[in-house]
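Here is the structure we will look at.
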């Protein structure tokens, strides 16, 4: 063995030999063991891997390598996500740096540009995954825009539509003015902002009385169609009468609804359905009582339309608010006051979300399908309640259940270029009742020759694309349906390991769609890791200058040092702490493993190979201790307690094996005339070394494999340590 472990020379060479062997592919493993399947959460193919990716790679690789050594047909299926909106935002920033306008590039051309950008990143990211030691089956690698994946997504969409769980309707949505697309409820953040709260008198049409309304949005008053009061407010006696719009003088019916907050403002609310989701619901509750139809007075770019009136038309929302304040001064019942409240903003750009009512595609989350089966929510809740799916941390099961109890329908259409186009066509003719009943909607990936309901050839395509979480929510079964026999063999998968921050974005939706489409859970166990933080427990960000590039530090200290430093201290659901000093410290552990292996191998003596060892009580105790450690680590790994398994191995190898066992045996190795005793000492050390390399391998695969390859041939029973028997 070389005197020092050279990670730069050995890591790439080792990975290349693993990959060349084909043993990442479970079909090539000589075992009859049960399958063990992990589907890789597909990283967004729009940039480099970060330290969070390194954490998931390490944890999943530990599971796979452990299962493989336990004799199971271990499949780790890798992939990458086109990441729809996220990738479009990244590419938009790239164009801005180049001085090009995202909005001036033709859609088809822009799609091809983003595609080339994504595929290039995907290849680069694949190399990074290999650098981190990911022992996944690259022959099964998938991309969320692969044709066979898209076909599965189309089939699921059509099935949901036929079952009455997907519908198209005009409903309130979250609109990002900067990015010109709708966002789901999960894609908005809420930030505390201080705005003015205006108290405005809405005079009654038949007397000098008035209703006092409180609002933070006076600029939308021209779109009011009613005034709603809480049934227990002091204004309830005015229900049934008419109030006057203080900007355009239109008559507004006074209605009563419990959705009006009694404790906010005055207990009276102006109803502007197309600019507030609560107002929309109240309007729907009282549609028969309200003659006026809702209108939108803010366009998609955040500017006031002609319907807002000549004094507001063309103004941006902020300026329109100031102008409305001037117009309304005579109608103030008291001076505006500062009001702190939570405001919805886009999670990517921070722009204030503008509520809009738009024709969009939605998935019903809480209603039963046409054939009266369980709702999507109930499918998921029942799977967790029954124990078919278990969260490693009970805390996340409670969070999951709480979120599932507060579901709203999911808006799955996005007005972006990059993504999977919704496979719908619209008949503009609708010549007969059958066509009108279907609203002229034809679900088909390819354009039909004619409308199947009325025969018209006047068909136009849906231009929106799916929310990326709709397609990635089908990832476990879609990937396994790609290769004949895989779904039957490897589904349900065993573990879904991902970050706790996407439990709702992704995990919950995978459970719902997985059970809906296949009749079985997509995975049996959910392990959620935390978000990696710096030594001061701060979130990593470029602006703070505390970001650690896992590939850069791996190049300096070795991949094994990065991996073990991420594992030790990482408890399910808790945020692990990482620093360059920590990684540097574990580089010393890599060196310790190499040096201990080198010492043991240097002291093997071929001349005494045929000597029968005579083990001392100390030797027997050392082996008994080894067996105890093995049982302890095995139990920890079986229970997904990677942190303690890593700690156990670290302390055992360094502080017991290297510091004590090796030191205690040294006097029996050099010039020992008692050959039986010397053989016993070397046999004990070799046995502990080999067992330790096996146990450490899932955590630190490169140094352990390199040391294993230096073992005598009679000790190496397999071509690689990674397929050794645990």
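Here, each number is a calculation from the coordinates, and none is a lab measurement. All of these numbers come straight from a predicted model, not from anything done at the bench. Positions of Cβ are backbone-derived with ideal geometry, glycine not excepted, and every protein chain shown enters the neighbour counts.
If R0 is 30 Å, what FRET efficiency do you get for residue 301 and residue 148 from their C-beta distance, rounded to 0.05?
On the way: r = 39 Å, r/R0 = 1.29.
According to the calculation, E is roughly 0.20.
What shape does region 241-348 have by the C-alpha gyration tensor, where a ≥ b ≥ c are the square roots of the eigenvalues, rounded means a/c under 1.5, and otherwise prolate means a/b greater than b/c and oblate the rest?
The shape class here is rounded.
Name the shape class, rounded, prolate or oblate, that the alpha-carbon gyration tensor gives for region 232-279, where a ≥ b ≥ c are the square roots of its eigenvalues, rounded holds for a/c under 1.5, and otherwise prolate holds if a/b is larger than b/c and oblate otherwise.
oblate
What fraction of the Cα pairs in region 262-317, stated in percent, has a spacing above 19 angstrom?
Across region 262-317, Cα pairs with separations above 19 Å total 42 percent.
With a Förster radius of 30 Å, plug the Cβ-Cβ distance of residue 463 and residue 93 into 1/(1 + (r/R0)^6) and report the FRET value to the nearest 0.05. Intermediate values should be presented prior to the final figure.
On the way: r = 24 Å, r/R0 = 0.79.
Efficiency at R0 = 30 Å is approximately 0.80.
If you build the Cα gyration tensor of region 575-723 and take the root of 5 times each eigenvalue, what three semi-axes come out, in whole angstrom, biggest first?
Whole-Å semi-axes of the equivalent ellipsoid: 28, 16, 15.
Where both residues lie in the chain, what percent of DSSP beta bridges are antiparallel, nearest 5?
The answer is about 70 percent antiparallel.
Stretched out fully, how many nm does the piece from residue 194 to residue 178 gain, at 0.36 nm a residue minus the Cα gap?
3.6 nm
State, in angstrom, two size descriptors of region 363-466 derived from its alpha carbons: Rg to one decimal place and Dmax to the nearest whole number.
In order Rg, Dmax, the Cα atoms of region 363-466 give 19.2, 57 Å.
Assuming 1.002 mPa s and 20 °C, estimate D for region 406-493 with Stokes-Einstein, Rh taken as the Kirkwood radius over Cα pairs, in µm²/s. Could the numbers behind the result be given before it?
Values: Rh = 15.4 Å.
Translational diffusion coefficient: 139 µm²/s.
Given axes a ≥ b ≥ c from the Cα gyration tensor, I'd like to know whether region 352-417 is rounded (a/c under 1.5), prolate (a/b larger than b/c) or oblate. Before the final figure, lay out the partial values.
Details: a/c = 2.76, a/b = 1.58, b/c = 1.75.
Note, shape of region 352-417 comes out oblate.
Label points 7 Å out from Cα along the Cβ direction at residue 616 and residue 368: separation in nm?
7.6
With everything on Cα atoms, drop me the angle between helix 51-69 and the longest principal axis of the chain, reported from 0 to 90° to the nearest 10.
Between helix and principal axis, roughly 50 degrees.
Given only helices, namely DSSP H runs of n ≥ 4 each adding -39500 (n - 2.57), what is the per-residue ellipticity at 222 nm of the chain, to the nearest 500 deg cm²/dmol? Don't skip to the answer; put the middle values down first.
Values: 22 runs with 273 residues, N = 726.
Mean residue ellipticity, 222 nm, calculated: -12000 deg cm²/dmol.
Quick check: the distance between the Cα centres of region 14-84 and region 674-726, to the nearest angstrom?
First find each Cα centre; the distance between them is then 24 Å.
Cα centroids of region 605-624 and region 355-429: how far apart, whole angstrom?
63
Just the Cα atoms of region 134-238, one point each, no solvent: what log10 I(q)/I(0) does Debye give at q = 0.14, 0.20 Å⁻¹?
Cα-only, vacuum Debye calculation for region 134-238: -0.92, -1.23.
Compute the distance from the alpha-carbon center of region 177-232 to that of region 323-350, in whole Å.
Here the two parts' Cα centres lie 9 Å apart.
Test of understanding: ordering 655, 275 by Cβ neighbours within 10 Å, fewest first, what list do you get?
655, 275
How big, in percent, is the set of alpha carbon pairs in region 1-75 lying more than 13 Å apart?
Tail of the P(r) past 13 Å holds 74 percent of the pairs.
Looking at the calculated P(r) for the chain, what percent of the C-alpha pair distances fall above 42 Å?
Value for the chain (Cα pairs over 42 Å): 42 percent.
Taking all pairs of distinct Cα atoms, average 1/r, flip it, and tell me the Kirkwood hydrodynamic radius of region 471-577 in Å to one decimal place. Present the calculation step by step, with values, prior to reporting the outcome.
Working: mean 1/r = 0.0624 Å⁻¹.
That comes to 16.0 Å for region 471-577.
Quick check on region 491-584: of the DSSP beta bridges with both residues there, what percent are antiparallel, nearest 5%? Let's see the in-between values first.
On the way: 1 of 8 bridges.
The antiparallel fraction comes to roughly 10 percent.
Just rank 143, 400, fewest to most, by other beta-carbon atoms within 10 angstrom.
143, 400
Based on the Kirkwood radius over alpha-carbon pairs, what value in µm²/s does the Stokes-Einstein equation return for the translational diffusion coefficient of region 28-72 at 25 °C and 0.890 mPa s?
202
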